[in-house]
């Protein structure tokens, strides 16, 4: 009876969480007009997100806000890349058991103390992790679908495609994406994840990225710099010292780690414009080829176009070869 009540409570919680997700998914701000300064934030030549602010903001505050969103989006991406592994192979094994075969685990008499506690809702399905990093006790198809849909929704909130749609990304949107992922994991694993699971460590800000490729992307807030027009925005100044007092301004700023020097300047022609120019050039080349084929006069060298051929034939002057025999 207790299990039945727990399942009903879990289903109610699941409906409530998904209802909140559906409601919050529509809370995005789209720029129908410029009411504030628009910052197109880039890392190198790669677009990241749009951010709105005022010209009166201090560069110190602006750098903190932009770096928080930038690193928050990276956190969402890392969690979204780990959740499919959770859905396929269950929770993470303890560090001392990862990478070992079943025989080695038995020989060393190791036991996963969290195996019986961190079980998924419903019936678990066993799918062995070939890498030996996860337990293999995966959630059922229904719970997998919950995780999959939530990952898609979270990715959409902080996607780089928001730049094309002129959607501003705020820290609230990043937190909303994290809350959606956290809620989905709670639905599938109501007892929680083990403390060594990378997903739980991400939620608790205890992740260790040392020696990973992901660590190269993260920019600590105290080391972050913003650049505009090949100028570093100094933290002791305000944004209006660089862009003026016009609130309806749109600029491209680049974020990077201190000590890396000035980023590369923006190309005179954008990537999209360059593609259009190349396409137009290709079409012009094809048109010129067709015109050349239409104006080809090589047929003038053929026998049937020679007006004197019939006369030479009657006079017996055809097939005459000059030179020694």
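The values are calculated or read from the model by the stated rules, or taken from the named source; none is laboratory data. Quick caveat, the model's predicted, so the values are computed rather than measured. Positions of Cβ are generated from backbone atoms using ideal geometry, with glycine treated the same way; all protein chains shown enter the neighbour counts.
Of the numbered conditions (1) in the same structural domain as residue 92 (by TED's automatic domain parsing); (2) free of Cβ contacts under 8 Å to residues at least 40 places away in the same chain, residue 278 satisfies every one except a single condition; which is it?
(1)
Which one of the conditions (1) touching a residue at least 60 places away in the same chain (Cβ under 8 Å); (2) in contact with a helix residue (DSSP H, G or I) (Cβ under 8 Å, 6 or more places away or on another chain) does residue 122 fail to meet, given that it meets all the rest?
(1)
Please go through the range 135-160 and give me each residue that is assigned to a loop (DSSP other than H, G, I, E, B) and either under 14 Å from residue 90 (Cα atoms) or out of contact with any strand residue (DSSP E or B) (no Cβ under 7 Å at 6 or more places or on another chain) (or both), ordered by number.
From the range 135-160, those assigned to a loop (DSSP other than H, G, I, E, B) are 135-136, 139-140, 158-160; that's our starting set.
Within the range 135-160, 135, 136, 139, 140, 158, 159 qualify.
Could you go through the range 174-182 and let me know if any residue there is surrounded by fewer than 17 Cβ atoms within 10 Å (Cβ to Cβ), part of a loop (DSSP other than H, G, I, E, B) and in the same structural domain as residue 253 (by TED's automatic domain parsing).
no
Which of the residues spanning the range 240-264 are in contact (Cβ under 8 Å) with a residue 60 or more places away in the chain, out of contact with any strand residue (DSSP E or B) (no Cβ under 7 Å at 6 or more places or on another chain) and not in a helix (DSSP H, G or I)?
Matches in the range 240-264: 244, 245, 246, 248, 264.
What helices (runs of 4 or more DSSP H) completely inside the range 1-114 contain at least 1 residues that are under 23 Å from residue 127 (Cβ atoms) and either modelled with pLDDT of 80 or more or not assigned by TED's automatic domain parsing to the domain that holds residue 162 (or both)?
Values: elements: 2-24, 59-89, 102-108.
Where helices (runs of 4 or more DSSP H) fall fully within the range 1-114 and carry at least 1 residues being under 23 Å from residue 127 (Cβ atoms) and either modelled with pLDDT of 80 or more or not assigned by TED's automatic domain parsing to the domain that holds residue 162 (or both), they are 59-89.
Pairs only if they're at least six apart or on different chains, beta carbon under 7 angstrom, first in the range 301-325 and part of a helix (DSSP H, G or I), second at pLDDT 75 or above; list them, first residue then second.
303/309
Quick one: is residue 195 outside the structural domain of residue 80 (by TED's automatic domain parsing) and not in a helix (DSSP H, G or I)? Before you say what the answer is, go through the steps one by one.
Numbers: outside the structural domain of residue 80 (by TED's automatic domain parsing): no; not in a helix (DSSP H, G or I): yes.
No, not satisfied.
Could you tell me which of the residues 226, 173, 217, 209 is under 30 Å from residue 58 (Cβ atoms), free of Cβ contacts under 8 Å to residues at least 60 places away in the same chain and in contact with a helix residue (DSSP H, G or I) (Cβ under 6 Å, 6 or more places away or on another chain)?
209
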